[in-house]
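For reference, the structure discussed in these notes is given below.
The values are calculated or read from the model by the stated rules, or taken from the named source; none is laboratory data. Predicted, not measured: the structure shown is a model, and the values here were computed from it. Ideal geometry is used to build each Cβ from the backbone, glycine not excepted, and the neighbour counts take in all protein chains shown. Surface accessibility is based on the protein's heavy atoms, side chains included, excluding ligands, DNA and RNA. Shrake-Rupley method; radii C 1.70, N 1.55, O 1.52, S 1.80 Å.
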Amino acid sequence: MRPIAAPLKALDPTQRIRRWHTYLVVWTVHRVLAFGFGALILLASVTGGILVLHHELERIIERDLHTIPVPPASAVLPRTPVVQALAPTAPEGFRPMRLMLAREPHDTERLIFLGPDGRTRWTTFVNPYTGEVLWRGADQSLFTPWLLGLHMHLRVGGWGYVITGLGGVGLVLLGVTGLIIYRDRLGTLWRRPLRLGRGWRLALSDLHKWVGVVGLYFTLVLGLTGAIYAAKIAPGQIAAPKPPGPPYDVTQLAPIEPALAVTRERFPGAELLRVSFPSTPTGALSILVLERDAPVWRKFSRVDFDPNTGALRAVHDARDGTFSQKLNGMLAPLHFGFYGSTLVKWLYVVGGFAPALLALSGTAIWYLRTRKRARPVRGPGLQTAP
């Protein structure tokens, strides 16, 4: 693998030698990163690509939990009595954390409880029309939470975030070094993206370069945002759990429907994603909304209410957020991809698998090169031993 000769002809020998040495250094860094993080990047890419489709896959794998076969014609039950009735059914020390609202009429709703360690979660699926409990149990036994745990921390706890964070940094560096290595070949790449019929090694090399250039956005963005996520979460997960404060008395909870109506009026056309319950007696009842067609820095807004009276406390409109808040709000849409339009979602499905394809094609290129070097060369005067 050598840089093309044409651009070097115009350089004097000293410049050519310096450029060649730079190329060798960058190529060595690229190869070391690939060997060091290849398996981790492959795992993160595959799990991340699948997670973009988690809504669709849940309705196939766990259909009885997420959908109601025939939505009744009756209205949704008042949610506050349902939450109050379900709260005592959670394990001891667990408190209501959030209610995931149904997106479609045939969807169920999920009440998620947070454990005394501030990390363990317990989930209850409920029919919003009848209040019937369809399933309850630890959320890590469910498809999406289990896969998300594997994606974000390898299911090994706080230090797993450190490992995946380093993998994100490695992915960014692989994208940068790969672009430097192939910067002189981009024009040729567009004219001849795949040179088939000239051997597997050359075809795989072209595929590797083409996917690397076309998928560069996903390599850089997914790696960078993944590293930021890990840096934000890891310290709290590595440290010992803090004892929880006094819980909010859910029996004092005001009706939720008026708060939902106020939020819909404030953000017409937005999706109401979830209701978060106060973690302390003085906390707020918060409703998170998603505006899919909004720019990436203002996808999420939040409306806070007094949990006992239902009075409006504050509106946190993403349009009015500070620069820091907008940067923080961009993190989830940029990394996960399923908060955008249908087109953006499918682009993230394809782009999410790009690092996996790069890892596999790079490994195949290395294997073919190694096998070729290891193959014995037999000259006309060489004979095999009897």
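Applying the Karplus parametrisation 6.51 cos²θ - 1.76 cosθ + 1.60 with θ = phi - 60° to the phi angles of region 94-111, what ³J(HN,Hα) value in whole Hz is obtained for each residue in order, glycine and proline being reported as x?
3J(HN,Hα) across region 94-111, in whole Hz: 7, 10, x, 9, 7, 10, 7, 7, 5, 8, 10, x, 8, 8, 8, 10, 10, 9.
For the chain, with all protein chains present and a 1.4 Å probe, just round the carbon and sulfur fraction of the accessible area to a whole percent.
Heavy-atom surface of the chain belonging to carbon and sulfur, 1.4 Å probe: 64 percent.
What aspartates and glutamates does LYS242 reach when the alpha-carbon gap must be under 13 Å and sequence neighbours fewer than 8 apart in one chain are set aside?
ASP117
What is the packing order of peptides 167-174, 295-302, 141-148, taking the mean over residues of other C-beta atoms within 10 Å and listing the highest first?
Ranking, from highest mean packing down: 167-174, 295-302, 141-148.
By how many nm would the segment from LEU327 to ASP117 lengthen if fully extended, with 0.36 nm per residue of separation less the alpha-carbon distance?
72.7 nm
Enumerate the calculated ³J(HN,Hα) couplings along region 133-144 in order (Karplus 6.51 cos²θ - 1.76 cosθ + 1.60, θ = phi - 60°), each rounded to whole Hz, writing x wherever the residue is Gly or Pro.
7, 8, 6, 8, x, 5, 6, 6, 8, 8, 4, 5
For a quick protection proxy, order the peptides 251-261, 205-215 by their average other-Cβ count within 10 Å, most packed first.
205-215, 251-261
For the chain, what does the accessible surface come to per residue with a 1.4 Å probe? Please give it in Å².
55
Could you give me the ³J(HN,Hα) list for region 340-351, computed from phi with Karplus coefficients 6.51, -1.76, 1.60 and θ = phi - 60°, whole Hz, x at Gly and Pro?
x, 5, 4, 4, 4, 4, 6, 5, 6, 4, 5, x
Amide H to amide H under 5 Å from SER279: which residues, 5+ apart in sequence or cross-chain, H placed 1.01 Å off N in plane?
The list, which skips near neighbours in sequence, is ALA284.
Express the relative contact order of region 1-144 as a whole percentage, based on alpha carbon pairs under 8 Å and six or more residues apart in sequence.
After rounding, I find 17 percent.
Using the structure shown, list the pairs from LYS209/LYS326; LYS232/LYS299; LYS232/LYS326 with a Cα-Cα distance above 22 Å, or answer none.
Result: LYS209/LYS326 exceed 22 Å.
For semi-axes √(5λ) of the Cα gyration tensor in Å, the choices are [x] 32, 28, 20; [y] 141, 18, 13; [z] 51, 22, 20; which was calculated from the structure?
From the options [x] 32, 28, 20; [y] 141, 18, 13; [z] 51, 22, 20, the structure gives [z].
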